[in-house]
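Read the structure below first, then the notes.
The values are calculated or read from the model by the stated rules, or taken from the named source; none is laboratory data. The model shown is predicted, which means the values in this text are computed figures rather than measured ones. Here Cβ is always computed from backbone atoms with ideal geometry, including for glycine, and neighbour counts include all displayed protein chains.
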Amino acid sequence: MGLKYIEQIKSLLLFVLVFLSITLTFSIWTYKPDYDPLEKQKPPLNVSFEKKQQLADVVKPYRMVFHEKDTWRGTDRYEEMKNMLNRMHRWRISNMTLVSKNANAYKVNQLMRDADNFTLFFPAEVPYAIFQNILPTVDEQPKNLSFNKMILDWGRIDDSDELIVFFANTANGQLYKAKVHVDSQDDFYKYIIDKSHSLERYIAYARERGNTLYLPAQEEKVMQYTYLSSSSSIDKFKNALFTMPKRVKSSIDDTNFKENYTDGVSMMTVNTSKKTLDYVDANAVDNLEKTNKSSLILNTFNFINEHGGWTGDFRYEDVDTSNNKIMYQLYVKDYMVYTDASVTSTAIETVWGETRIARYIRPYYKLVSVPENETVMIESGERAIEEISKQDGVDINDVEEIRPGYYLSTNERPNVFILKPTWFYFINGKWKSLPLVPSAGGEQVGLE
């Protein structure tokens, strides 16, 4: 009897083993690890170069001009604007209405000239949804409102504790008007108007066409700076930008001073001579969807903030919604910094994809101050206009703006940058500088 059942037990055990083997084999063949697709994974956010910034640190006016009793005063120094802007946090705006959809330069010039007011100038269109962090709105804000000039008229404040504010967009002609309630009339005069009387005198240069140019009336002493360029770690950028840094392969092209990094989907090209990098996410580039200005600014700002990519004083400078592009320009001591493309870059350029960065072009150096600075003179705004008018092929009526800034150059010493102050003018979509002349011990620069 026992032998009879032993054979049956063996058969049963064999069947169980075969069944388990088939089940295990099928499980191995059909197993799919629970990974997110490579292109959908986000870069690690724990890689940080510099401290994070607030949006107000990056979106700033470049000029403030006061008009009072036919006198113009102003500044390009943000430190002189800062205290006044901080007072504006206490104000409240209401009754926003559309005045015009096609306000031309003459209309905006007239608003600035006809009353006691002050104007904030921004380098590019600022969506009101971004700016309301500075000037809160009581009522519902208009959709798609953006501006590059903010004009505050205080002519009626003695009667009502209210200002009239105009938001002018010289790019699309939109002009909005609203009321601003100040917290204290006395404080407004004390901290805004009285403080403005210490600002330098400006001139208002009206032209046959185009916006009026507002520039310092006198020449000014400005520092010329010498900096060492300290390189940020390329490995940190690799770890911040690539989804899986350990899978990234690199190659070196010594002939062209380039290093290439790729994971098969994204690529980062590093120019070790210019100290710049160009990161491209191929999948994101193929999926660009038009995004509104507010989202473009917030998305690119947050992207740079996540890895602490503010390796200098970079500020919002330009927007191109047709290509989802935002540019942040390097500033030093409140002056914009430009250079020749053959030397390096002084801007961060971002292109936003559907849900993430598509392209990221930037310098990876940091400026380290050295005690080799000197004081030089930069000419008055009126003299700058005269010299710009003399440049070949330049019609002063075609110049959109004139600003002081620094031109970055190199010398015979490695890793040394010289920042020379000069005048820049914006024409045909580009900034150009007046020709530089050698400077030494207070000699004028920026004009021939």
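Structural remarks
- Within segment 101-129, being among the hydrophobic types (A, V, I, L, M, F, W, C) and either in contact with a Leu (Cβ under 7 Å, 6 or more places away or on another chain) or within 18 Å of W72 (Cα to Cα) (or both) holds for A103, V108, L111, M112, A115, F118, L120, F121.
- The strands (runs of 3 or more DSSP E) located wholly in segment 179-274 that include 2 or more residues which are surrounded by fewer than 18 Cβ atoms within 10 Å (Cβ to Cβ) occupy 200-205, 220-231, 249-253, 258-262, 266-271.
- Residue count for segment 83-103 satisfying the condition of being at pLDDT 90 or above and out of contact with any Lys or Arg (no Cβ under 9 Å at 6 or more places or on another chain): 3.
- Residue check, Y316 touching a strand residue (DSSP E or B) at 6+ places or on another chain (Cβ under 9 Å) and without any contact (Cβ under 8 Å) to a residue 24 or more places away in the chain: no
- Per-region count, segment 234-269, residues touching a residue at least 60 places away in the same chain (Cβ under 8 Å) and under 26 Å from the mean Cα position of the chain (by Cα): 8
- Only residues that are of a type in the set (S, T, Y) and either farther than 27 Å from S184 by Cα or buried (at least 20 other Cβ atoms within 10 Å of the Cβ) (or both) were counted across segment 47-74, and they come to 2.
- Single match in S345, S322 (criterion: among the small types (G, A, S) and surrounded by fewer than 17 Cβ atoms within 10 Å (Cβ to Cβ)): S322
Per-residue answers, yes or no, for (1) β-branched (V, I, T); (2) out of contact with any strand residue (DSSP E or B) (no Cβ under 8 Å at 6 or more places or on another chain):
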residue	(1), (2)
Y214	no, no
L228	no, no
F237	no, no
A240	no, yes
M244	no, yes
K249	no, no
T255	yes, yes
V265	yes, no
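- Applying the criterion of at least 2 residues that are exposed (fewer than 14 other Cβ atoms within 10 Å of the Cβ) and either modelled with pLDDT of 90 or more or on the phi > 0 side of the Ramachandran plot (or both) to the strands (runs of 3 or more DSSP E) found wholly in segment 110-175 leaves an empty list.
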